[in-house]
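A short worksheet on the structure shown next.
The values are calculated or read from the model by the stated rules, or taken from the named source; none is laboratory data. As the structure is a prediction and not an experimental result, all values here were calculated from the model. All Cβ positions, even for glycine, are placed from backbone atoms using ideal geometry, and neighbour counts span all protein chains on display. To get the accessible areas, we keep the full protein, side chains included, count just its heavy atoms, and leave off ligands, DNA and RNA. Shrake-Rupley method; radii C 1.70, N 1.55, O 1.52, S 1.80 Å.
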Amino acid sequence: LQRASLPTKWGGDLLVLPTLLAPITFSYSGDSFTGTIPDDVDFCGATIDLQGIELDPGAQFGVSFSQGLELTIGN
């Protein structure tokens, strides 16, 4: 949830200090995932920073990194 800028041995930068790792797989035909955020005023205005890291045989070291993403839950 906390921003960072840490170089890795795979040639990309880790832009978020990991709190939760969620391994998922995708098919080539496209997938979609859904979820809900609890309806709780304590989450209002909360900011979450995310980054995707993918096994990528086309990448120089076999791993690619997404740009950082910041989500702010409704006000």
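Could you tell me the extents of region 26-67's C-alpha atoms along the three principal axes, largest first, rounded to whole Å?
Extents along the principal axes, in whole Å: 44, 23, 10.
Quote the relative contact order of the chain in percent (integer), defining contacts as alpha-carbon pairs under 8 Å separated by 6+ residues.
The normalised contact order for the chain reaches 32 percent.
Of G30, G45, G12, which is the most mobile in a GNM of the chain whose springs link Cα atoms less than 10 angstrom apart?
G30
GNM, the chain, Cα, under 10 Å: largest mean-square fluctuation among P38, P18, P57?
P38
Leaving ligands, DNA and RNA out of it, rank L14, L71 by accessible area with a 1.4 Å probe, largest first.
Per-residue accessible area, sorted high to low, gives L71, L14.
Hey, in the GNM for the chain with a 10 angstrom Cα cutoff, which one of D31, D13, D39 fluctuates hardest?
Looking only at D31, D13, D39, the largest GNM fluctuation is found for D31.
Run through every distinct alpha carbon pair of the chain and return the Kirkwood hydrodynamic radius in angstroms, one decimal place.
Working: mean 1/r = 0.0689 Å⁻¹.
Over the chain, the inverse of the mean reciprocal pair distance is 14.5 Å.
What's the longest piece of the chain with no exposed chymotrypsin sites (Phe, Trp or Tyr not before Pro), counting a site as exposed if DSSP puts it in a loop and it has at most 15 other beta carbons within 10 Å?
The segment 34-60 is the longest one with no such site.
Convert each backbone phi in region 60-73 into a coupling constant with the Karplus relation 6.51 cos²θ - 1.76 cosθ + 1.60 (shift: θ = phi - 60°), then list the ³J(HN,Hα) values in order as whole Hz, x for Gly and Pro.
Couplings: 3, 10, x, 9, 10, 10, 7, 5, x, 10, 10, 10, 10, 7 Hz.
Under a 5 Å amide H to amide H cut-off, with H placed in plane at 1.01 Å, what residues pair with A59 once short-range neighbours are removed?
It is none; the list stays empty.
Quick one: check the C-alpha center-to-center distance for region 38-63 versus region 1-26, whole angstrom.
8
Karplus couplings for region 36-48 from phi (6.51 cos²θ - 1.76 cosθ + 1.60, θ = phi - 60°), rounded to Hz, Gly and Pro as x?
Taking θ as phi minus 60°, the curve returns 10, 10, x, 7, 9, 4, 5, 8, 4, x, 5, 10, 10 Hz for region 36-48.
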